[in-house]
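Peer 1: Pasting a structure here, questions to come.
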Amino acid sequence: MTSQTVIPSTLFLTILLMIGLFFFVRASIKDRTEQMEWVTDAPGEEVLSRVETLLKSRAYTLTQVKPEESTAIFEGLVRPSLGLALLLVSLVACGLMAFSIVLSLSMPWVGLRFLGLVLLSPLAGFFYWRGAERVEQVVVQIVAPSPDASQTPRTQLQISAHRDELLVLQSALPYQVV
């Protein structure tokens, strides 16, 4: 590869890096709601009571009950993480530093003025901090067992929540995941 193609190809790869970094920062505030199902031999009231106790211990409050659908809706405030905000600012600062160095090499008449781009890195932390704080919902639905004589009645529990909450519930609930 000649020296005439090294800097443009490096600039191209650095631009791709910046695009990926942009989408990584944007994904930091993305909603990650998923659904998980459990089955148990315990009665529905006991299952709901256990889930309610667990969610209340995690700072969720019961906001709505729909008895006709056997559904309970819990809400809780999710606060942004200082560690993640600092990580995003650091990653963006490193990415902008690399980008500004490549820009300085490809346009030597500008000099190191592109290093001023690094001062934009706190915007990533501001973007995350502003968008990450939100009210999360946990929707709990108990499906009553069907009266089938050939099987023992099993209660089905369906929970729709953030995937991190589902992992906590999976480890805390003694029910079988479907």
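Peer 1: Can you give me the distance in nm between label points at Phe23 and Leu105, each placed 7 Å from the Cα along the Cα-to-Cβ direction?
Peer 2: Computed distance between label sites Phe23 and Leu105 equals 2.5 nm.
Peer 1: Right, something else. List the residues whose amide H sits under 5 Å from the amide H of Glu34, counting only those 5 or more places along or on another chain, with H placed 1.01 Å from N in the peptide plane.
Peer 2: Ala161, His162, Arg163
Peer 1: Can I ask one more? With θ taken as phi - 60° and the coefficients 6.51, -1.76 and 1.60, list the Karplus ³J(HN,Hα) couplings across the range 117-133 in order, rounded to whole Hz; mark glycine and proline as x.
Peer 2: Karplus-based 3J(HN,Hα) across the range 117-133 equals 4, 4, 5, 7, 4, x, 5, 5, x, 5, 4, 5, 4, 6, x, 7, 7 Hz.
Peer 1: With no solvent and one point per C-alpha, what does the Debye sum give as log10 I(q)/I(0) for the range 63-178 at q = 0.10, 0.11, 0.12, 0.21 Å⁻¹?
Peer 2: -0.57, -0.62, -0.67, -1.12
Peer 1: Enumerate the amide H contacts of Thr63 below 5 Å, restricted to partners 5 or more residues apart or on another chain; note that Pro and chain-start residues carry no placed amide H.
Peer 2: Ile73, Phe74, Glu75
Peer 1: Next question. Counting only helical runs of four or more DSSP H residues, what would the 222 nm mean residue ellipticity of the chain come to if each run contributes -39,500 (n - 2.57) and the total is spread over all its residues?
Peer 2: -16000 deg cm²/dmol
Peer 1: Convert each backbone phi in the range 10-27 into a coupling constant with the Karplus relation 6.51 cos²θ - 1.76 cosθ + 1.60 (shift: θ = phi - 60°), then list the ³J(HN,Hα) values in order as whole Hz, x for Gly and Pro.
Peer 2: With coefficients 6.51, -1.76 and 1.60, one gets 5, 4, 4, 5, 5, 5, 4, 4, 5, 5, x, 5, 4, 5, 5, 5, 5, 6 Hz.
Peer 1: Still on this structure, I have one more. What accessible surface, in Å², does a 1.4 Å probe find on Lys30, ignoring ligands, DNA and RNA and rounding to the nearest 10?
Peer 2: Answer for Lys30: close to 120 Å² accessible.
Peer 1: I would also like to ask the following. Please find the FRET efficiency linking Ser9 to Ser90, where r is the Cβ-Cβ separation and R0 is fixed at 22 Å, and quote it to the nearest 0.05.
Peer 2: E(calc), rounded to 0.05, equals 0.25.
Peer 1: Also, quick follow-up: Using alpha carbons only, how many angstrom separate the centre of the range 101-134 from the centre of the range 1-41?
Peer 2: Going from one Cα centre to the other spans 17 Å.
Peer 1: Where both partners of a DSSP beta bridge lie in the chain, what percent of those bridges are antiparallel, to the nearest 5?
Peer 2: Counting DSSP beta bridges with both partners in the chain, the antiparallel share is about 100 percent.
Peer 1: Still on this structure: With a 1.4 Å probe and all protein chains kept in place, how much accessible area does Ile29 have, in Å² rounded to the nearest 10?
Peer 2: About 40 Å², rounded to the nearest 10.
Peer 1: Now for a different question. What is the helix-to-structure angle for 163-172, meaning the angle in degrees between its Cα long axis and the longest Cα principal axis of the chain, kept from 0 to 90 and rounded to the nearest 10?
Peer 2: 40 degrees
Peer 1: What nm value, rounded to one decimal, do you get for the distance between Leu62 and Ala42 when each label is placed 7 Å out toward the C-beta?
Peer 2: Placing both labels 7 Å along Cα→Cβ, they lie 1.5 nm apart.
Peer 1: Where does the charge balance sit around Thr40 when Lys and Arg score +1, Asp and Glu -1, over other residues with C-beta under 9 Å from its C-beta?
Peer 2: Computed value for this residue: -1.
Peer 1: Let me ask another. ³J(HN,Hα) across the range 87-101 via Karplus (A = 6.51, B = -1.76, C = 1.60, θ = phi - 60°), whole Hz, x for Gly/Pro?
Peer 2: 4, 4, 4, 5, 5, 5, 4, 5, x, 5, 5, 4, 4, 5, 5
The values are calculated or read from the model by the stated rules, or taken from the named source; none is laboratory data. Keep in mind that what you see is a predicted model, and the values were worked out from it rather than measured. As a convention, Cβ positions derive from the backbone with ideal geometry for all residues, glycine included, and neighbour counts pool all protein chains shown. These area figures cover heavy atoms from the full protein model, side chains too; ligands, DNA and RNA do not enter into them. Shrake-Rupley method; radii C 1.70, N 1.55, O 1.52, S 1.80 Å.
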